[in-house]
Amino acid sequence: LYPVENEHGRFGSFEDFAQVADWASRWNMGLVPTFPNVQTADCTPGKGGGTPTPQEIFMMCWCCVVHKAKGIHWYPYQGKVPPENFAAMTKFVTDTTALTEAILGEESPVAVKDEELEGGRVDVRATAANGDLYVFAVNLKRKAEKVRFTLAKAPAGAKAEVYGEDRSINLEGASFTDSFDPLDVHVYKIKDAATPARNGK
């Protein structure tokens, strides 16, 4: 499924792309790692959606991570990959290398709920590594969104460090809110927050 190529047709949206990633994992019961194809060039030159932008490539890759893919196949074959797309691909590889333990970590024992405040769709996955909680979030829409994240519990004074963005967000109780540009991706780290909730607290 290539959403940039088929976005305006039936079963071609970014939401469909996410659903197919879920199906791949569910149908093999999580036993076989999935490696989705992500287009990096124009699949059918002169037709369809054309060449994906760096932001589209970056978002599709992280969408696959959120939906439990263990790797990515690049699909560059029919078209030409522009230099800026290679830069996005390289950044994704660099980021996933730095975040390998979090990406391959266990699903978070602390539940994380997300609420889209503008009615859009942001897909979220929470994992645990070395006692820290990681939240991967991807805006699947071409419009800006604001999301409130709420942990089942959080350490006092906790902050959500935003990976690669040189900023952090203070939690209010066990919640924090952040803004997403269209097709935006954020990765959050909350230190010492990945301990199981007990008695619903």
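The values are calculated or read from the model by the stated rules, or taken from the named source; none is laboratory data. Please read all numbers here as calculations on a predicted model, not as lab measurements. Every residue, glycine as well, gets a Cβ built from its backbone with ideal geometry; the counts of neighbours run over all protein chains shown. Accessible surface areas use protein heavy atoms only, side chains included; no ligands, DNA or RNA. Shrake-Rupley method; radii C 1.70, N 1.55, O 1.52, S 1.80 Å.
In summary, the lysines within cross-link reach of K153, defined as a Cα separation below 26 angstrom excluding same-chain residues under 8 places away, comprise K68, K113, K189, K191, K201. In this simple spin-label approximation, M29 and E107 carry label points 7 Å from Cα along the Cα→Cβ vector, and these lie 1.6 nm apart. Note that the range 12-29 has calculated 3J(HN,Hα) couplings of x, 7, 5, 5, 5, 4, 5, 5, 4, 4, 5, 4, 4, 6, 5, 5, 9, 6 Hz, one per residue in order, obtained from phi through the Karplus relation 6.51 cos²θ - 1.76 cosθ + 1.60 (θ = phi - 60°); glycine and proline are x.
Would you mind getting me the FRET efficiency between T94 and K153? Use the beta-carbon distance for r and R0 = 45 Å, nearest 0.05. Walk me through the numbers before you get to the answer.
Details: r = 32 Å, r/R0 = 0.72.
The computed FRET efficiency comes out at 0.90.
Amide H contacts under 5 Å for D42: G79, K80, restricted to partners 5 or more places along the chain or on a different chain, H placed in the peptide plane at 1.01 Å from N. Straightening the chain between S175 and E115 buys 20.5 nm, computed as 0.36 nm per residue apart minus the Cα-Cα spacing.
Excluding same-chain residues fewer than 8 positions from K80, which lysines have a Cα within less than 16 Å of its Cα? The qualifying lysines are K47.
Solvent exposure of the chain amounts to 52 Å² per residue of accessible area, where only protein heavy atoms count and the probe is 1.4 Å.
For the range 87-102, backbone phi angles converted through the Karplus equation (6.51, -1.76, 1.60; θ = phi - 60°) give residue-by-residue couplings of 5, 5, 4, 5, 4, 4, 5, 4, 5, 5, 5, 5, 9, 3, 4, 6 Hz, Gly and Pro being listed as x.
Given a 1.4 Å probe and every protein chain left where it sits, what share in percent of the accessible area of the range 1-86 is carbon and sulfur? Could you put the intermediate results ahead of the total?
Numbers: 2740 of 4600 Å².
It is 60 percent, rounded to a whole number.
Size of the range 122-171: Rg and Dmax of its alpha carbons, in Å, are 12.0, 35.
Carbon-plus-sulfur accessible fraction, the range 100-165 (probe radius 1.4 Å, protein heavy atoms only): 45%.
Starting from the Cα coordinates of the range 25-88, work out the convex hull volume and express it per residue in Å³. Write down the numbers at each step before the final one.
Numbers: hull volume 5.7 nm³, N = 64.
Considering the Cα atoms of the range 25-88, their hull volume per residue is 88 Å³.
Under the simplified labelling scheme, the T195-E15 pair shows an inter-label distance of 4.0 nm, with each label point 7 Å from Cα along Cα→Cβ.
Between the range 107-181 and the range 15-85, how many Å separate their Cα centres? Cα centroid of the range 107-181 versus Cα centroid of the range 15-85: 23 Å apart.
Positive contributions from Lys and Arg (+1) and negative ones from Asp and Glu (-1), summed over other residues with Cβ under 15 Å from the Cβ of G9, come out at -2. Ignoring aspartates and glutamates fewer than eight residues from K146 along the same chain, the ones with Cα atoms less than 12 angstrom from its Cα are D114, E115, E116, E118, D178, D181, D184.
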